[in-house]
Amino acid sequence: MHFRYRTLAALGVVAIGAVPAVAGATAGSNPSRGAATRQHAFRAYQKAHSAGPSATRSPDDGDLAGSAAQYSNQRTAPGATVSGDALVAAQQQAAGLPSSGSAWQEVTNSPYNAQPSNYTDPFWSNAGAGWSLVGGRSTALARTPDGAWFAGTADGGVWRSTDRGQNWSPTFDNMPSLSIGAVTTAPDGSLWVGTGEANTSQDSYAGTGVYRSTDDGATYQRLGDAANGTNPIAGRTVFQIAFGPDGTAYAATNNGLWRLAKGSSTWTEVLTPDGGAPDAQPYYTNQVTSVAIVPGSKGKDVIAGAGWRSADLPSNGFYESTNGGTSFTKVTPKGAINANDIGRTTFAYAADGSKLYAIVQSPAMLSAGDESVLQGIFVTSGKPADVGGTWTKIGDEKTLAADGSALGVGSGYGVGVQAWYNQALAVDPANPNHVYASLEEVFESSNAGQSWNTASPYWNYGLACGSSCPNGTHPDQHALMLVDGNVVIGNDGGVYSRPLSDTQQYGGWSDLNATLRSWQYYDARAGKLGGQGTGVWGGLQDNGTSVMASGASQMAEPAGGDGFDVVVDPNNANNMVGEYTDGAMYSSTDGGHSFYDYVSPTCAAQATVGMTLRPDCDPGARFVTPLTQDQQNKSVWATGGRYVWITKAGWNTSCTNSACSWSNVFDTGAGNAVTALSSANGGSIVYAAWVGGGGNPGAAFASGIATNYGGTWHNVSTAGLPNRYIAGVTVDPSNPAHAYAVFNGYSRRWIPGGGVGHVFETTNGGQSWTDVSGNLPDIASDALVLSGGKLALATDAGVFSAAAGQGAGTTWSRLGSGLPNASVNDLTVGPGGYIYAATHGRGIWRLGF
């Protein structure tokens with residue numbers, strides 16, 4: 001049963017204004033074609049513009065996975081990693097500051113409908129996808145002995161349900177990191193949580209360690225702290241936690257396999273795949289993606305899989321221990337597995353040990369840009385099954401596509417296209433032949449993989465059942481749990497379940513997301529909606545662009561896919577602009593019921609909507625492209641890739657082959673890309689931050705700020721500024737010589753060469769800068785609001801406030817109370833004197849400012 005979302009018009013708001021009339025998608029065209037086209041077109045553009053042969057580029061350049069590293073890189077640059085103890089220390093610093101302001105109010109506290117009625121744009125909506133309510137990315141699932149279900153989410157912490165997912169409550173909101181990679185129940189019934197999501201996507205945030213709860217999630221304690229308070233697991237991302245029968249724990253992380261023996265207080269690294277070689281790159285060479293205890297071995301036999309997704313490294317492969325995990329030896333699998341092409345791997349044993357299943361991703365296929373990067377799903381048998389035994393391939397792109405998948409061979413987006421990101425396996429405890437395999441979709445087999453059913457397709461588009469297809473689940477799977485007679489899955493849209501006895505193709509799923517408020521926002525903006533109403537828009541990871549209207553009982557998702565920055569008319573929230581990957585924008589003047597596609601000056605955007613690329617299109621847009629409005633004139637917008645672009649046409653902005661409203665006003669330079677923008681006085685004053693070196697950590701890393709203050713565009717002095725990623729710039733609308741720069745990442749204490757400070761102020765148009773970080777914690781910072789003589793700073797450890805104009809002695813306080821510890825990616829001023837905080841894992845919140 002579909003809930004009919006109350007439209008903006010039903011709230012007494014009349015949507016006025018016309019969408020510019022140019023060639024493009026038309027009302028009444030097939031929505032499935034639009035949704036599939038935008039996804040496939042983006043991937044085709046990525047592939048066509050990869051940076052040459054893999055032998056001449058770093059392991060991530062030129063592929064979608066490479067674009068997907070930007071969120072984490074901006075927090076570590078110019079280094080490659082940062083210890084999770086940095087985040088713990090920042091939280092401790094923050095706790096010592098005074099607080100100011102009132103309590104934060106959760107804005108996105110209603111169910112989120114991914115396929116709402118009357119939002120049927122033929123290109124951008126999810127109409128016909130077969131989805132309903134969605135939550136944020138769910139990465140891990142567990143059940144405790146009392147029957148409670150737990151869901152770990154990407155940056156929204158751990159959630160508990162006592163009624164099998166009908167109602168969820170957060171249990172991890174005040175912990176140092178809400179990024180979850182693993183949730184597991186130990187033999188003694190305690191709940192273990194591995195922080196640090198290990199999916200290596202662009203917003204997979206590092207963790208602060210492994211935590212244990214003995215009271216069903218009421219409290220948690222970190223395990224394995226050294227005497228000085230540091231922790232070897234902090235800063236890692238955790239793929240899996242496994243237990244021997246005596247309670248010995250193993251944590252598979254992105255930097256080795258770690259063991260916590262029963263009764264021990266210290267983690268020990270027992271598998272370092274690269275052997276600690278002097279020339280090794282631990283981030284790539286020590287990815288241990290799966291660990292399992294061999295059933296019946298009494299904990300003596302342990303297996304592990306190691307593999308970086310896009311390089312054939314000597315450390316990639318399968319490993320085995322026969323001495324209780326004390327040491328490991330690399331083994332060569334026999335049979336169908338190509339031992340020289342092992343990337344991310346997931347293992348799952350049958351309960352009796354008679355079968356061992358594996359999903360194996362192919363680095364070679366990823367480096368080649370193939371439409372699938374799945375080497376295959378495999379099984380080996382024995383008493384018990386041996387990781388070094390003879391493996392049989394039971395699934396690959398071709399065979400799985402023929403078993404009901406929505407991703408066709410030759411489509412450019414095949415089964416296993418994101419096997420580096422989407423992997424989970426589970427075997428029915430009562431039947432070693434009954435197995436579930438999760439990739440982008442969920443597959444089920446009752447005969448050990450001799451045949452498969454697609455239990456949950458990517459979407460309903462293109463399926464033979466057409467409009468009669470049952471509702472499914474969101475795509476992009478990450479977690480599986482077989483408990484209480486159900487198969488439970490976690491994916492980019494939350495948590496779903498269906499009976500284990502249901503082995504049909506498609507359908508039978510229960511949507512468990514009505515109260516799972518773990519949405520990952522990048523941005524949020526608010527505007528008036530007639531009378532006293534407010535419309536709040538935001539862009540989310542893989543859950544499109546959302547709108548929450550005052551008085552509505554559900555949020556709506558007018559546009560699907562990834563959603564990033566938004567533009568909203570503060571006086572009429574029906575007027576908005578949303579953003580897809582690489583700067584692909586869509587505008588609406590009717591509250592998102594229909595969109596105009598041809599808005600963007602970037603090459604990837606124009607390819608996505610089917611345009612022939614303009615010769616002056618911008619090839620340098622980042623995966624998350626900055627988009628902002630002028631502070632005084634809301635019809636003036638700024639965006640940037642390699643170039644800085646300005647339009648003064650507002651909702652009449654159009655960029656087609658015949659004409660483009662955007663003006664290219666500055667070239668940041670070859671290899672550079674804009675990261676943040678601020679505009680004032682109708683676009684006459686703009687500050688633009690940029691990153692060089694491809695935006696990735698390393699010797700080529702560079703950052704800077706350009707402005708047209710003074711009459712001509714130029715790069716300002718960066719003397720005294722940190723050598724880190726610049727996440728935000730804010731110009732004072734009353735004095736264009738006065739501006740702030742906000743730096744992400746951490747200081748040189750944690751990142752060599754990173755400098756010191758997070759907020760810098762100029763009063764002379766960038767000729768010189770003053771560090772106004774004052775008593776701020778050393779924390780990755782994202783955005784700054786200047787309003788009413790006060791500053792509000794969004795960080796990965798909450799929001800902080802200070803009076804403007806204090807200079808180097810600026811004193812900061814924690815702003816408000818009750819805000820979960822999810823990273824705050826953006827702040828904006830909205831109607832009624834509120835500021836809105838877009839958190840990347842716990843939705844949108846607001847506070848009177």
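Can you work out the Karplus-derived ³J(HN,Hα) for every residue in segment 527-538? Use 6.51 cos²θ - 1.76 cosθ + 1.60 with θ = phi - 60°, whole Hz, and x for glycine or proline.
For segment 527-538, the Karplus curve yields x, 6, 10, x, x, 9, x, 9, x, 10, 10, x Hz.
Calculate one ³J(HN,Hα) per residue across segment 726-743 by plugging θ = phi - 60° into the Karplus curve 6.51 cos²θ - 1.76 cosθ + 1.60, and present them in order as whole Hz with x for glycine and proline.
Result, rounded to whole Hz: 9, 8, x, 9, 9, 9, 6, x, 8, 7, x, 6, 9, 8, 10, 10, 10, 10.
Just to confirm my numbers, what's the Cα centroid distance between segment 315-393 and segment 570-647 in Å?
About 44 Å separates the Cα centre of segment 315-393 from the one of segment 570-647.
Using the Cβ atoms and a cut-off under 12 Å, what net charge is assigned to the surroundings of Cys660, where Lys and Arg are +1 and Asp and Glu are -1? All intermediate terms of the calculation are to be shown ahead of the outcome.
On the way: positive: Arg614; negative: Asp616, Asp618.
Counting the neighbours of Cys660, the net charge comes to -1.
Considering the Cα trace of segment 68-178, what is its radius of gyration and what is Dmax, both in angstroms?
Just the Cα atoms of segment 68-178 yield Rg and Dmax of 18.8, 52 Å.
Kindly list the residues of segment 794-832 that lie in the label zone of Ser99, defined by a backbone N under 19 Å from the point 7 Å along the Cα-to-C-beta vector.
Answer for this model: 794-803, 812-824.
Please identify which residues in segment 104-133 have an amide N closer than 18 Å to a label point set 7 Å out from the Cα of Ser169, following the Cα→Cβ vector.
Of the residues in segment 104-133, 106, 109-110 have backbone N under 18 Å from the label point off Ser169.
When the accessible area of the chain is split by element with a 1.4 Å probe, what percent falls to carbon and sulfur? Walk me through the intermediate numbers first.
On the way: 13100 of 26750 Å².
Result for the chain: 49 percent of the exposed heavy-atom area is carbon or sulfur.
How are the C-alpha pair distances of segment 362-420 spread across 5 Å bins, as whole percents from the shortest bin up?
4, 19, 23, 20, 14, 11, 7, 2, 0
Report the full-extension gain for the segment Val409 to Ser550: residue separation times 0.36 nm, less the Cα-Cα distance, to one decimal in nm. Show your work: numbers first, answer last.
On the way: separation 141, 0.36 × 141 = 50.76 nm, distance 4.45 nm.
Using 0.36 nm per residue and subtracting the Cα-Cα distance, I get 46.3 nm.
Skip the ligands, DNA and RNA, and give the accessible area per residue of the chain with a 1.4 Å probe, whole Å².
Details: 26750 Å² over 849 residues.
Computed with neighbouring chains in place, this is 32 Å² per residue.
Within the P(r) computed for segment 725-849, what percentage of the Cα pairs occupies the region above 23 Å? Intermediate results must be reported in sequence, preceding the final value.
Details: 2060 of 7750 pairs.
That fraction is 27 percent.
With the crude spin-label approximation of a point 7 Å out along Cα→Cβ, what separation in nm comes out for Ala464 versus Ser451?
About 1.2 nm separates the two model spin labels.
Show me, bin by bin at 5 Å from 0, the whole-percent P(r) of segment 140-212 based on Cα pairs.
4, 19, 28, 25, 16, 7, 1, 0
Apply 1/(1 + (r/R0)^6) to the Cβ-Cβ distance of Thr219 and Ser787, taking R0 = 51 Å, and write down the FRET efficiency to the nearest 0.05. Each step should come with its number before you reach the end.
On the way: r = 38 Å, r/R0 = 0.74.
E(calc), rounded to 0.05, equals 0.85.
Computed over the Cα atoms of segment 69-126, what is the convex hull's projected area averaged over all directions, in nm²?
Numbers: hull surface 33.2 nm².
Reported value for the Cα convex hull: 8.3 nm².
So, in Å, what gap is there between the alpha-carbon centers of segment 244-282 and segment 746-820?
A separation of 37 Å, based on Cα centres.
Tell me which residues come under 5 Å, amide H to amide H, from Ile685 once H is placed; ignore anything under 5 positions away on its chain.
Excluding prolines and chain starts, which carry no amide H, the hits are Ala680.
Ratio of segment 795-843's C-alpha Rg to 2.2 N^0.38 Å, to two decimals? All intermediate terms of the calculation are to be shown ahead of the outcome.
Working: Rg = 12.0 Å, N = 49, 2.2 N^0.38 = 9.7 Å.
Against the compact-globule rule of thumb, the ratio is 1.25.
If you take all C-alpha pairs in the chain, what percent of them are over 51 Å apart?
Working: 36411 of 359976 pairs.
Cα-Cα pairs of the chain separated by over 51 Å account for 10 percent.
Please work out the FRET efficiency for the pair Asn228 and Asp667, using the Cβ-Cβ distance as r and a Förster radius of 51 Å; give the result to the nearest 0.05. Don't skip to the answer; put the middle values down first.
Numbers: r = 49 Å, r/R0 = 0.95.
The pair Asn228/Asp667 has a calculated efficiency of 0.55.
What does the net charge come to around Gly389 if you take all other residues with beta carbon closer than 12 Å to its beta carbon, with K and R at +1 and D and E at -1?
On the way: positive: Lys334, Lys355, Lys383; negative: Glu320, Asp386.
Net charge around Gly389: +1.
Got the relative contact order for the chain handy, in percent, Cα pairs under 8 Å and 6 or more residues apart? The partial results should precede the final answer.
Details: 2615 pairs, mean separation 110.4, N = 849.
Result for the chain is 13 percent.
Which lysines, on any chain, are close to Lys298 with Cα under 24 Å apart, when same-chain ones fewer than 8 places away are left out?
Lys262, Lys330, Lys355, Lys383
Highest mean first, what order results for 367-378, 517-528 on Cβ atoms within 10 Å? Before the final figure, lay out the partial values.
Details: 367-378: 22.8, 517-528: 26.7.
Descending mean neighbour count gives 517-528, 367-378.
Sequence-distant or interchain residues sharing an amide H contact under 5 Å with Asp301, placed H: which?
Long-range HN contacts for Asp301: Val294, Gly324.
Taking the Cα-to-Cβ direction at Ala700 and at Tyr283 and moving 7 Å from each Cα, how far apart do the two end points lie in nm?
Simple spin-label model gives 1.4 nm for this pair.
The values are calculated or read from the model by the stated rules, or taken from the named source; none is laboratory data. This is a predicted model, so every value here is computed, not measured. Every residue, glycine among them, receives a Cβ derived from its backbone with ideal geometry; neighbour counts consider all protein chains shown. These area figures cover heavy atoms from the full protein model, side chains too; ligands, DNA and RNA do not enter into them. Shrake-Rupley method; radii C 1.70, N 1.55, O 1.52, S 1.80 Å.
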